[in-house]
Amino acid sequence: MARIVDAGSEILSAVREAHSLSRRDLLQAVPAVATFGATLLGAGAAAAAPAKDEKQLNLAASPPAGFVPFAAPGRVVKVEKPGSLQANQLYPKPEDAKAMLTKALMEFTGEPDLVKAVGRFVHKDDKVCVKLNGIAKENMGTNKELVIPFLEALIAAGVPAQNITVLEQYRNFLQGTRVSDRNVPAGVKTAVHLNEDATMPERMIQGTGVRTSSFASSPKRQPSSTSRWSRITRSAATPAP
């Protein structure tokens, strides 16, 4: 910084001296001052640039070498199964939820079974986070009857259970899905992030009369495990009734 300040003073002095020069002398002096200024700016940029051997922190997730996750932009698959709801008319029957999940992913990927279809999206070496949506709770939240077979398929596809985390925003949102440490496959973790890693502005949740900040401030909403992630993968959708 001292060198830049000194050099700047030299340029100002050169400009002041130029005022006493003739027009011809001034025109001859301008290229030299411009060159000196360009050299100074180059030196400043070089000083600001990180050293070649300085490592830059990069938290972006990337697939394992040689693995390309499945993608089909614009493709939509619809599945339905009459009579798939339980007697309470809120939640799907476990066998029907799994059947619809299997059919949807098989048709979407063209694979012959659920495990191979799931394997098109994740690699066995991935750290997988399954993001649920329980904000609507029993009204339209992600159902455990859909999540559990999806988690089982991930494990069958080669992803170690300890590398899988089921994630939601707040504890009561996770409870709304009825997914918990008690019913996920052994080794799979559940967690809530409580907006601690990335905050969000307070807003009214439409149709509930509740503001988002009231959840975050509740002392009862505590994470069941660590909540810092570098990768978020796709969430399973709620099956059609």
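The values are calculated or read from the model by the stated rules, or taken from the named source; none is laboratory data. All values derive from a computational prediction rather than experimental measurement. All Cβ positions, glycine included, derive from the backbone under ideal geometry; neighbour counts span all protein chains shown. Accessible surface areas use protein heavy atoms only, side chains included; no ligands, DNA or RNA. Shrake-Rupley method; radii C 1.70, N 1.55, O 1.52, S 1.80 Å.
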Problem set entry | Those residues of the range 169-204 which are of a type in the set (D, E, K, R), within 13 Å of Lys144 (Cα to Cα) and surrounded by 17 or more Cβ atoms within 10 Å (Cβ to Cβ), in sequence order | Arg178
For this session: List every residue pair whose Cβ atoms lie under 6 Å apart, where the two residues are 6 or more positions apart in sequence or sit on different chains, the first residue falls within the range 123-140 and is farther than 23 Å from Pro92 by Cβ, and the second residue, located anywhere, is open to solvent by 90 Å² or more (accessible area, probe 1.4 Å) and part of a loop (DSSP other than H, G, I, E, B).
Result: Cys129/Ile232
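In the list Thr190, Thr165, Thr177, Thr199, which residue meets the criterion of being β-branched (Val, Ile, Thr) and modelled with pLDDT under 95?
On inspection, the qualifying residue turns out to be Thr199.
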Exercise. Taking into account only those residues within the range 136-161 that are closer than 13 Å to Pro185 by Cβ and in a loop (DSSP other than H, G, I, E, B), which is least open to solvent (accessible area, probe 1.4 Å)?
Worked result: Val159
Problem set entry | Failed criterion for Ala117 (all others in (1) open to solvent by 30 Å² or more (accessible area, probe 1.4 Å); (2) not in a loop (DSSP other than H, G, I, E, B) hold) | (1)
Exercise. Only one of Pro112, Pro82 is surrounded by fewer than 17 Cβ atoms within 10 Å (Cβ to Cβ), farther than 20 Å from Asn183 by Cβ and in contact with a helix residue (DSSP H, G or I) (Cβ under 9 Å, 6 or more places away or on another chain); which?
Worked result: Pro112
Problem set entry | Search result, residues across the range 105-138 that are within 22 Å of the chain's Cα centre (by Cα) and polar (S, T, N, Q) | Asn133
For this session: Take Lys144 and decide whether it is within 30 Å of Glu202 (Cβ to Cβ), of a type in the set (D, E, K, R), touching a Phe, Trp or Tyr at 6+ places or on another chain (Cβ under 9 Å) and touching a residue at least 24 places away in the same chain (Cβ under 8 Å).
Result: yes
